[in-house]
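The structure appears right after this line, and notes come after that.
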Amino acid sequence: MKIESLNIGLPKTAKYREKEYMTGIDKKAVSEAWLSKNGFFDDGVANTDFHGGADRAVCFYVLEHYKEWEGEFKRSFSKPSFGENLTVSGMDEKSICIGDIFQIGEAIVQITQGRIPCATISKHNDKEELLKRIIETCRTGYFARVIKEGMIEKDSEIQLLESHPLKIDVHFLIETFFHQLTEERIRKILEINELAEDMRQKFTNRLLKMKIN
């Protein structure tokens, strides 16, 4: 497990096909950044429906996915193309579980949910089909809450402090949300006390709809 790039950036105006929009996806690599309970200092989001808040204070994306996208689309993607705070290697969605706790530099974080991506990813990378492919492959990245604030440097070590006993990985959650929405899978996810509250509400609502129908 390794930090490949540490990235921050405040929301700004961007343009896609002559239309302007506000986004926090355009982050830049830095040598160090202070991580608080609400996210990194000098970092922010524009779309609070999908990003931000204490349960989504840190966004991770996986370096190995860059290589997969480059192979598929026959073009390069420079870090951080996916708006992540931490580009990491050795930490893909199938190996990271909801509730896992990590120390990164001085800070301690806990994984809370998989990322639910939005169309801004396609706009930022000027690749219309990218969002669709991210959802199809479940290469979404994931979020964490901050248990202990502190400084993170670009070469800080990542250490697993505690594996969650239920072992529900991020890929299982994202696959359930987008592709295999069954009562059994939802109930397994809702057993995770450490699940992000917004994600808990989304799954609870879907479970209620199943019962109504």
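Could you tell me whether any residue of region 40-56 is in a helix (DSSP H, G or I) and either hydrophobic (A, V, I, L, M, F, W, C) or over 20 Å from Arg200 (Cα atoms) (or both)?
So in region 40-56, the residues in a helix (DSSP H, G or I) come out as 54-56.
With the extra rule that they be either hydrophobic (A, V, I, L, M, F, W, C) or over 20 Å from Arg200 (Cα atoms) (or both), the set shrinks to 54.
Scanning region 40-56 turns up at least one residue that is in a helix (DSSP H, G or I) and either hydrophobic (A, V, I, L, M, F, W, C) or over 20 Å from Arg200 (Cα atoms) (or both).
Restricting the search to region 83-109, which residues are more than 20 Å from Asp155 (Cα to Cα), surrounded by 20 or more Cβ atoms within 10 Å (Cβ to Cβ) and not acidic (Asp, Glu)?
Hits for region 83-109 are Ile96, Cys97, Ile98.
For Ser5, are the conditions met, namely being modelled with pLDDT of 85 or more, closer than 18 Å to Ile96 by Cβ and polar (S, T, N, Q)?
In short, yes.
Do we have Tyr66 as of a type outside the set (Lys, Arg), part of a strand (DSSP E or B) and surrounded by 14 or more Cβ atoms within 10 Å (Cβ to Cβ) here?
No: the conditions fail for Tyr66.
Can you name the number of the only condition in (1) in contact with a Cys (Cβ under 9 Å, 6 or more places away or on another chain); (2) touching a residue at least 24 places away in the same chain (Cβ under 8 Å) that Glu162 fails?
Unmet condition: (1).
Being surrounded by fewer than 21 Cβ atoms within 10 Å (Cβ to Cβ) and modelled with pLDDT of 95 or more narrows it down to one residue among Ala54, Ala29; which is it?
Only one candidate qualifies: Ala29.
Kindly indicate the residue of region 173-196 that is surrounded by 12 or more Cβ atoms within 10 Å (Cβ to Cβ) and among the charged types (D, E, K, R) and also nearest to Ala57 (Cα to Cα) among those meeting that condition.
Glu194
Kindly list the number of the only condition in (1) at positive phi; (2) touching a Ser or Thr at 6+ places or on another chain (Cβ under 6 Å) that fails for Ala14.
Looking at each condition in turn, Ala14 falls short on (1).
So which residues in region 167-201 are free of Cβ contacts under 8 Å to residues at least 40 places away in the same chain, in a helix (DSSP H, G or I) and under 23 Å from Ile134 (Cβ atoms), if there are any at all?
Phe172, Glu175, Thr176, Arg185, Ile186, Arg200, Gln201
Go through region 116-168 and count every residue that is modelled with pLDDT under 95, over 17 Å from the mean Cα position of the chain (by Cα) and buried (at least 20 other Cβ atoms within 10 Å of the Cβ).
1
For region 111-126, how many residues are free of Cβ contacts under 8 Å to residues at least 60 places away in the same chain and in contact with a helix residue (DSSP H, G or I) (Cβ under 6 Å, 6 or more places away or on another chain)?
Of the residues in that region, 2 qualify.
Need the failing condition index for Ile152 against (1) farther than 21 Å from Thr23 by Cα; (2) without any contact (Cβ under 8 Å) to a residue 60 or more places away in the chain; (3) of a type in the set (A, V, I, L, M), just the number.
Of the numbered conditions (1) farther than 21 Å from Thr23 by Cα; (2) without any contact (Cβ under 8 Å) to a residue 60 or more places away in the chain; (3) of a type in the set (A, V, I, L, M), the odd one out for Ile152 is (2).
All but one of (1) touching a strand residue (DSSP E or B) at 6+ places or on another chain (Cβ under 9 Å); (2) closer than 17 Å to Phe102 by Cβ hold for Phe177; state the number of the condition that does not hold.
So the condition that Phe177 fails would be (2).
I'd like to know if region 8-25 contains one or more residues that are modelled with pLDDT of 95 or more and in a strand (DSSP E or B). Explain how you work it out, then say what you get.
Pass one, region 8-25, residues modelled with pLDDT of 95 or more: 8.
Those left that are additionally in a strand (DSSP E or B): 8.
Yes, because at least one residue in region 8-25 is modelled with pLDDT of 95 or more and in a strand (DSSP E or B).
The values are calculated or read from the model by the stated rules, or taken from the named source; none is laboratory data. Note that this is a predicted model, so its numbers are computed, not measured. As a convention, Cβ positions derive from the backbone with ideal geometry for all residues, glycine included, and neighbour counts pool all protein chains shown.
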